[in-house]
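Peer 1: Dropping the structure in here first, questions after.
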C-alpha cells in the first residue's frame with residue numbers, strides 16, 4: 001500500500017544525495033539535513049541526538065538497532081527502509097510518509113507523529129508509548145499484539161486496521177469506528193470500553 005500524501009501532494013524534491021554510505025555506528029549530534037536523498041545507506045546502530053532532517057527522502061536505508069532522541073524528521077519520505085529494533089524517543093516525525101518499510105520490534109517513546117502516513121504498515125509487536133498520532137494514516141495497518149499505550153489517536157485513519165491483541169490502554173479512541181477495524185482480544189481500559197460501546201450504539205448507563 002503506497003503512502004500517499006494528503007491532498008495528493010508529491011514527495012518534496014531533493015537537492016543533494018548520499019549514496020551507498022556506511023554510517024554504521026555513527027554518532028550524529030545536532031546535525032541538519034535539508035532536501036537530501038539518502039540511498040542504500042547503512043545506519044545500523046547509529047545514534048542520533050537532536051539532528052534535523054527536513055523534506056529528505058530515505059530509500060532502502062537500514063535504521064536497524066539505531067537510536068534517535070529529540071530528533072526531527074519533518075515531511076520526510078521513507079521507501080523500503082528497515083527499522084528492526086530501532087528506537088525513537090521524543091522525536092518529531094510530523095508529515096513523514098512510509099512506503100514498503102519493515103518495522104520489527106520498533107519502539108517509539110513520546111514525540112509527535114501527527115499526520116504521518118503508515119498505510120498497510122506491518123507494525124506487529126511494535127511499541128508506541130505516549131505518542132501523538134493525530135490524523136496519522138494507519139489504514140490497513142497490522143498492529144497485532146502491538147502496544148499503543150497513552151497515545152493520541154484523535155482523527156487517525158484506522159479503516160481496515162488489525163488491532164488483534166493490541167494493548168490500547170490509555171489511548172484516545174474517540175474517533176475509532178469499531179465496525180471498520182479488527183478488535184479481537186484488543187486490550188482496553190474501562191473508560192475506553194464505554195467509548196467503544198457508545199460508538200457501537202449502546203446506551204451506556206451506570
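The values are calculated or read from the model by the stated rules, or taken from the named source; none is laboratory data. Computed from a predicted structure; not experimentally measured. Glycine also receives a Cβ, built like all others from the backbone with ideal geometry; neighbour counts cover every protein chain displayed.
Peer 1: How many residues are within 15 Å of the chain's Cα centre (by Cα) and either in contact (Cβ under 8 Å) with a residue 40 or more places away in the chain or closer than 17 Å to residue 122 by Cα (or both) when one looks only at the stretch 145-161?
Peer 2: Residues meeting the conditions: 7.
Peer 1: Something else now. Only residues that are crowded, with 20+ Cβ neighbours inside 10 Å and either in a loop (DSSP other than H, G, I, E, B) or on the phi > 0 side of the Ramachandran plot (or both): list them for the stretch 145-164, please.
Peer 2: Matches in the stretch 145-164: 146, 151, 153, 156, 158, 161, 163.
Peer 1: With the requirement that a residue be in contact (Cβ under 8 Å) with a residue 40 or more places away in the chain and part of a loop (DSSP other than H, G, I, E, B), what does the stretch 125-140 give you?
Peer 2: 139, 140 - these are the residues of the stretch 125-140 that are in contact (Cβ under 8 Å) with a residue 40 or more places away in the chain and part of a loop (DSSP other than H, G, I, E, B).
Peer 1: Could you tell me which of the residues 66, 59 is outside the structural domain of residue 187 (by TED's automatic domain parsing), touching a strand residue (DSSP E or B) at 6+ places or on another chain (Cβ under 6 Å) and closer than 22 Å to residue 27 by Cα?
Peer 2: On inspection, the qualifying residue turns out to be 59.
Peer 1: When you go through 183, 168, 200 one by one, which is the residue that is out of contact with any strand residue (DSSP E or B) (no Cβ under 7 Å at 6 or more places or on another chain), free of Cβ contacts under 8 Å to residues at least 40 places away in the same chain and crowded, with 17+ Cβ neighbours inside 10 Å?
Peer 2: Going through 183, 168, 200 in turn, the sole match is 183.
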